1. Condition check: in contact with a Gly (Cβ under 8 Å, 6 or more places away or on another chain) and closer than 30 Å to residue 393 by Cα. Does residue 124 satisfy that?
2. Limited to the range 452-472, what total is found for residues that are open to solvent by 10 Å² or more (accessible area, probe 1.4 Å) and either within 16 Å of the ligand (Cβ to nearest atom) or part of a strand (DSSP E or B) (or both)?
3. Considering only residues that are within 12 Å of the ligand (Cβ to nearest atom) and either of a type in the set (Phe, Trp, Tyr) or open to solvent by 10 Å² or more (accessible area, probe 1.4 Å) (or both), which ones fall in the range 234-248?
4. The conditions are (1) in a loop (DSSP other than H, G, I, E, B); (2) open to solvent by less than 10 Å² (accessible area, probe 1.4 Å); (3) on the phi < 0 side of the Ramachandran plot, and residue 263 fails exactly one of them. Which is it?
5. Cβ-Cβ below 6 Å, separation at least six or inter-chain, first residue in the range 33-53 and not assigned by TED's automatic domain parsing to the domain that holds residue 77, second assigned to a strand (DSSP E or B) and among the charged types (D, E, K, R): which pairs?
6. Looking for something among the aromatic types (Phe, Trp, Tyr) and assigned to a loop (DSSP other than H, G, I, E, B) - is there at least one such residue anywhere in the range 195-208?
7. Examine the range 275-285 for a residue that is acidic (Asp, Glu) and open to solvent by less than 40 Å² (accessible area, probe 1.4 Å), and state whether such a residue exists.
8. Check whether at least one residue in the range 426-436 is more than 22 Å from the chain's Cα centre (by Cα), in contact (Cβ under 8 Å) with a residue 12 or more places away in the chain and within 24 Å of residue 467 (Cβ to Cβ), and report yes or no.
Amino acid sequence: MRAHEAGALHAEGYGGPPLYLPYPTDVNELLAVLWPATVDRGADGVLTVGGVDVVSLAREFGTPAYVVDEDDFRARARAFRDEFSAPFEPVCGGVDVYYAGKAFLCTEVARWVAEEGLSLDVSTGGELAVAQRAGFPPERIAMHGNNKSVVEIEQALSYGVGRIVIDSLEEIDRIDTVADRLGVVAPVMIRVTVGVEAHTHEFIATAHEDQKFGLSLATGAAAEAARRVVSHPGTMRLLGLHSHIGSQIFDTGGFEVSARRLIGLHAEIEEEHGIVMPHLDLGGGFGIAYTSQHTPLSPAELGEQMADLVGREFKSLGDGDGTRVPKVSIEPGRAIAGPSTFTLYEVGTVKKVTVNDRVTRAYVSVDGGMSDNIRPALYEADYSCTLASRRSEAEPMLARVVGKHCESGDIVVLDEYLPADLRAGDLIAVPGTGAYCRSLSSQYNHTPRPPVVAVRDGHARLIVRRETIDDLLALDVG
Ligand code: LLP
């Protein structure tokens, strides 16, 4: 945002609610698509999750806190494993689902993922260390990263991960050296930049060679990577190609273009080297609803559309009977972790600000902010929220929920209607915070990071504890 000499009122324009946010008839109502499956408002008006009310959660664990509905997380994992996978059965025998741990990972979540029969995508040695501590089966781990260190490659190969996704030509030499030293054959895939950049509502073909990930299909770098991998049979085995075209995608059009190009290259590489590549990874990126403006497809709908397009592409190559169609894998992170979690905050101050002669906005300050959810500041991400600790009969007021950090961009929920009698001590819940909130969190302003509390069947337990001031000071060795 730029400064404007006529002042903020002029620069901001109308300043009223966005089009997607209607004036509510009942400010207590919950829009089901935004909330974990077991969330409900009890008879007393208090929000409950997994049979536990949020007032008790706040009393026991404090605020802010990330609250994850374990059943909801597991059900979303199973929906990808079963419903997304089913339409792929006749095409390639189903899909392998790699949960993208960058969305949120701790040892308990790694165990849920393993128990639900999913595989795991890790993107650093740190994420791999969490998986190792959880005892995650190594053959079901994919190791990512555009700049894997030799130490990380060694960690992955020593643990025996099922695939390393190669992201550069130099990495091939590094893997060769480490695999040779360890006396192993590294199972590898090649991350291909397919020339498709997916956005929520559009995709722009060709516009995004100019980024750091993958090896370009257009310039021949991906084909060259395959040549180099194949020329080191003693240290590397080429499992197949990988592409990931973006995140928070609602339209399968981008996947269609990307799959077509990827499958074309897959066929060329098999032909050139006389090899069979048994896998094809289409990445993650499936969108979720943060507010009523988002309308995500279900895993079943996504699976049907994607199985159809993969099936069609291989058929056009003459391999449509499934005999040589590689096993497809996907890497959803947000769509599993995101909707399973809400953040619980306590309201501190409520300040009414006159925006212009038509709009008054209530700035509701809570006890967290950009340190526990940087996404509004980083991506202008929209969120929604509700008064969670009671029901209110007051009129709705246009509100902006803000944090306690020293930045005016410290926004938690840009626009929401909250009841006009909102006051200090009320609890607010912000849904959709399970992905890329704890994992992108910081200690900005020396703020200890919130705990993650898992709730299931009437019981709540810590799976990541709250940081303390002592934790923060422990790193300060001066
Ligand atoms: N696979 C690969 C190779 C990825 O790079 C990613 C995400 C995923 C899978 C999972 O994508 P998902 O299904 O979660 O959209 N911090 C951003 C998102 C960054 C995504 C990075 N890569 C955010 O908060 O929106």
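The values are calculated or read from the model by the stated rules, or taken from the named source; none is laboratory data. The model shown is predicted, which means the values in this text are computed figures rather than measured ones. In this analysis, Cβ positions are derived from the backbone assuming ideal geometry, glycine residues included, and neighbour counts consider all displayed protein chains. Please note that ligands, DNA and RNA were not included when accessible areas were found on the heavy atoms of the full protein model with its side chains. Shrake-Rupley method; radii C 1.70, N 1.55, O 1.52, S 1.80 Å.
1. Numbers: in contact with a Gly (Cβ under 8 Å, 6 or more places away or on another chain): yes; closer than 30 Å to residue 393 by Cα: no.
So residue 124 fails the test.
2. Step one: filter the range 452-472 for residues open to solvent by 10 Å² or more (accessible area, probe 1.4 Å), giving 456-472.
Right, trim to either within 16 Å of the ligand (Cβ to nearest atom) or part of a strand (DSSP E or B) (or both) and you get 456, 459-464.
Total meeting the criteria: 7.
3. Here is the first cut: in the range 234-248, the residues within 12 Å of the ligand (Cβ to nearest atom) are 242-248.
Across the range 234-248, the qualifying residues are 244, 245, 246, 247, 248.
4. Result: residue 263 fails condition (1) only.
5. 36/69; 38/69; 46/53; 47/41; 48/40; 49/69; 50/69; 50/456
6. From the range 195-208, those among the aromatic types (Phe, Trp, Tyr) are 203; that's our starting set.
Filter again for assigned to a loop (DSSP other than H, G, I, E, B), leaving none.
Looking for residues that are among the aromatic types (Phe, Trp, Tyr) and assigned to a loop (DSSP other than H, G, I, E, B), one finds none in the range 195-208, hence no.
7. In the first step, residues of the range 275-285 are kept if they are acidic (Asp, Glu); the result is 281.
Restricting the remaining residues to those that are open to solvent by less than 40 Å² (accessible area, probe 1.4 Å) gives 281.
Looking through the range 275-285, at least one residue is acidic (Asp, Glu) and open to solvent by less than 40 Å² (accessible area, probe 1.4 Å).
8. Taking the range 426-436 first, the residues more than 22 Å from the chain's Cα centre (by Cα) are 426-428.
Retained after the next criterion (residues that are in contact (Cβ under 8 Å) with a residue 12 or more places away in the chain): 426-428.
Subsequent filtering for residues that are within 24 Å of residue 467 (Cβ to Cβ) retains 427-428.
Yes.
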